[in-house]
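Read the structure below first, then the notes.
Bear in mind that the values in this text are calculations on the coordinates, not laboratory data. Predicted model, so just to flag it, every value in this text is computed and none were measured. Heads up, the Cβs are rebuilt from the backbone with ideal geometry, glycines too, and the neighbour counts pull from every protein chain shown.
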C-alpha cells in the first residue's frame, strides 16, 4: 500500500493544521458579517447626514438674518 504523506508528519500535526484552517474560515466569516452590519448602519445614516447638513445651512442663514436684524435695530435705537 502506497502512503500519501511523509511518515514523519503525524496525524496530530495534520489535525492541528486543519483545525487552524477551520478556525480561520470561521473568523473570516465573522469579520465579513461585522463589515456587512457596519455598511448597513452607514447606509441608514446617509439620509440623516444629508438632513443635518441642510439644517446646518439653514441655521447659518438664520444667524445671518438675525445679525442683520440686530444691526438694523441697533442703528434705529441710536
Problem set entry | Residues that are part of a helix (DSSP H, G or I) and surrounded by 10 or more Cβ atoms within 10 Å (Cβ to Cβ), drawn from the stretch 8-19 | 13, 14, 15, 16, 17, 18, 19
Exercise. Are any of the residues in the stretch 68-78 outside any helix (DSSP H, G or I), free of Cβ contacts under 8 Å to residues at least 12 places away in the same chain and more than 38 Å from the chain's Cα centre (by Cα)?
Worked result: yes
